[in-house]
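Below is one structure, written out as structure tokens; comments come after it.
The values are calculated or read from the model by the stated rules, or taken from the named source; none is laboratory data. Model, not experiment: these values are computed from the prediction. Cβ sites come from the backbone with ideal geometry, for glycine too, and all protein chains shown count toward neighbours.
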Amino acid sequence: MMRVISASFFLLTHLFGAPAAEPRPNIIFVLADDLSARDLALYGGPVRTPVLERMARSGVLFHDAWSAPLCGPSRAILHTGKYPHNQGYYENQITPEVPFFRDGRHLPLLKMAAGAGCATGMFGKIHHGGDPAEYGAQEHCLARYWEGYDGPFQKRTRPRAGMYAISWYWHPGIVVNGVGLPTGPDDFGPDIECEHLLQFISRNKDRTFFAYWPSNLPHMAHDPKTGRWAYTDVPELDAGGGRTGGRHKGSLASAVGYLDALIGRIQDHLERSGIADRTIIFFTADNGTADGDKGSYDRDLAIRVPFVVSGGPVRPVGASRALVDFTDIWPTAADLVGHVGAFNADGKSFAPLLLGQPFVSREIIRMAMGDGRWIRDADWLLDGRGHFWDARGAASQDAYRDASRSEDPDAVAARKRFDGYLRDFPPPDENDPMTRDAWRMFRSKGKKPSGAPGPSADGDGERGK
């Protein structure tokens, strides 16, 4: 892995014409909340995102990128670079006794970047709680409750803590560097977060920075009066990107479109600041779209997410069939920011691909939720229920062919190969002291297993019966 770092440093130095001591790009990492790849026009879906589409043409669009099926496990994987069996986050309700940001076995993503000399900032949704400094964030602007907050909340009765104690969107609860920010009914949370991100960029434009923006968009908001979840209305923008004072009705398309416009605003700010040529923007999502894909064990509906990387030294690769999952983000970022310590992660860096270096894709990617496990190679998929799918030539996830009982020699050989992969991908240990109580509580609520079998005893690949 250290050999990869050296190669990346060499190429970055060559591209920038900079001294070897400071060849690192800035990173802006944007994480959407609840968005499947297949909803975007980039992947054949209906939702247009002009900014992301331009980024995909000038950078890299990953065709097969996997998150976890739910937001909590995805974010734990993102911050640690490790699969659930190595950090304990198996489900939103199955988490370890000691959170990853207080567990010395892990080096959180932003803390790693700060250790490499980056200015670090976190903006938006923190999800797992705790102090943002424990994650490695030196500055923050978070959607969070504070004692003076007087806006709406998202429960039947007003909670005093947690992500539902505030509005994320209109009249939001915002805490900036530990201090509550008064807001009103016409203030829109993502606008405030983006503005503070831009201020962070301006303050740190003469040094290397890592800005992490886990946006709440396009996640639905909960109305405590009706008990319903619905997409938020978003501000109407004029041709110059300014707010008109009107609002667009809430929908997946309008929420995603507004986030896309805010990413365009970040790009414009980078250009005006003179640092666009040394700033990389990552865009992905934490799991599939709500009311459809999110939380599913079937196929890769919940875990195949959009993933676009562009800007700075990233080469115009276009669409890539390289296999990536969320464990790969930590080592990739570590390569790019110049981390020189141990690579304490399960994934593989794809920094060489971004930078135009020789790169060999992973043979397989993996994911887990609860007791379900997914594995995929270029042609075949084992899903979280143990069903085996032939993905060769499939134009969409709906076109995968069920090969669980196929007698085709290629399918039989692939199932046997995947049995070997599955044996090397441990299922959860529900008696692990770090997660035992969480598993017991989970099971006590009637939560059932996925129904997925383990590897077949005789290696014949028979599964999905």
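Residue check: is G173 touching a Phe, Trp or Tyr at 6+ places or on another chain (Cβ under 6 Å) and within 27 Å of T120 (Cβ to Cβ)? Don't jump to the end; show me each part of the working.
On the way: touching a Phe, Trp or Tyr at 6+ places or on another chain (Cβ under 6 Å): yes; within 27 Å of T120 (Cβ to Cβ): yes.
Judged against the criteria, G173 is a match.
Going through (1) more than 21 Å from R401 (Cβ to Cβ); (2) out of contact with any Asp or Glu (no Cβ under 8 Å at 6 or more places or on another chain); (3) modelled with pLDDT of 95 or more one by one, G292 falls short only on (3). Summed over the range 160-198, the residues that are surrounded by 15 or more Cβ atoms within 10 Å (Cβ to Cβ) and among the small types (G, A, S) give a count of 5.
I'd like the residue in the range 58-72 that is in a helix (DSSP H, G or I) and over 10 Å from the mean Cα position of the chain (by Cα) and, out of all such residues, is surrounded by the fewest Cβ atoms within 10 Å (Cβ to Cβ).
Looking only at the range 58-72, we keep the residues that are in a helix (DSSP H, G or I), and these are 58, 71-72.
Cutting the leftovers down to over 10 Å from the mean Cα position of the chain (by Cα) gives us 58, 72.
Numbers: S58: 15, G72: 20.
Across the range 58-72, the extreme among qualifying residues is S58.
Does the range 315-336 hold any residues that are of a type in the set (A, V, I, L, M) and crowded, with 24+ Cβ neighbours inside 10 Å, and which are they? Break it down stepwise before answering.
If we filter the range 315-336 for residues that are of a type in the set (A, V, I, L, M), which is where we start, we get 317, 319, 322-324, 329, 333-334, 336.
Passing the criteria: V324, I329, A333, A334, L336.
Would you check if there is a residue in the range 346-358 being in a helix (DSSP H, G or I), touching a helix residue (DSSP H, G or I) at 6+ places or on another chain (Cβ under 7 Å) and modelled with pLDDT of 95 or more? Before you say what the answer is, go through the steps one by one.
In the first step, residues of the range 346-358 are kept if they are in a helix (DSSP H, G or I); the result is 351-354.
Now drop any that are not touching a helix residue (DSSP H, G or I) at 6+ places or on another chain (Cβ under 7 Å), which leaves 351-352.
Applying the additional criterion that residues be modelled with pLDDT of 95 or more yields 351-352.
Within the range 346-358 (the criterion being in a helix (DSSP H, G or I), touching a helix residue (DSSP H, G or I) at 6+ places or on another chain (Cβ under 7 Å) and modelled with pLDDT of 95 or more), the answer is yes, since at least one residue qualifies.
For the range 228-268, a tally of residues being within 26 Å of A290 (Cα to Cα), without any contact (Cβ under 8 Å) to a residue 24 or more places away in the chain and either assigned to a helix (DSSP H, G or I) or among the β-branched types (V, I, T) (or both) returns 1. Which pairs have Cβ atoms under 8 Å, sit 6 or more apart or on different chains, and link a residue in the range 307-330 that is over 21 Å from P69 (Cα atoms) to one that is among the aromatic types (F, W, Y)? So the pair list comes out as V309/F62; V309/F282; V309/F283; P313/F16; S320/F62. The residue list F326, F343 contains one member that is modelled with pLDDT under 95 and in contact with a helix residue (DSSP H, G or I) (Cβ under 6 Å, 6 or more places away or on another chain), which is F343. Entry remark, the range 159-211: residues being under 25 Å from G115 (Cα atoms) and of a type in the set (D, E, K, R) number 5 in total.
hydroxyl-bearing (S, T, Y), more than 13 Å from Y145 (Cα to Cα) and in the same structural domain as H248 (by TED's automatic domain parsing) - does that describe any residue in the range 196-203?
The first filter runs over the range 196-203 and keeps only residues hydroxyl-bearing (S, T, Y), leaving 202.
Among the residues that remain, those that are also more than 13 Å from Y145 (Cα to Cα) are: 202.
From what is left, the residues that are in the same structural domain as H248 (by TED's automatic domain parsing) are 202.
Scanning the range 196-203 turns up at least one residue that is hydroxyl-bearing (S, T, Y), more than 13 Å from Y145 (Cα to Cα) and in the same structural domain as H248 (by TED's automatic domain parsing).
The residues in the range 83-100 that are surrounded by fewer than 23 Cβ atoms within 10 Å (Cβ to Cβ) and farther than 22 Å from H219 by Cβ can be counted, and the count is 5.
With respect to the stated conditions, P449 fails to be closer than 26 Å to P306 by Cβ and either part of a strand (DSSP E or B) or out of contact with any Cys (no Cβ under 6 Å at 6 or more places or on another chain) (or both).
Among residues belonging to the range 112-141 that are among the charged types (D, E, K, R) and touching a strand residue (DSSP E or B) at 6+ places or on another chain (Cβ under 8 Å), point out the one that is surrounded by the fewest Cβ atoms within 10 Å (Cβ to Cβ). Walk me through how you get there before you give the answer.
Just the residues of the range 112-141 that are among the charged types (D, E, K, R), to begin with: 125, 131, 134, 139.
Still in the list and also touching a strand residue (DSSP E or B) at 6+ places or on another chain (Cβ under 8 Å): 125, 139.
Numbers: K125: 24, E139: 21.
Ranking the qualifying residues of the range 112-141, first place goes to E139.
Restricting attention to the range 134-148, the residues that are farther than 22 Å from S167 by Cβ and touching a Gly at 6+ places or on another chain (Cβ under 9 Å) total 4.
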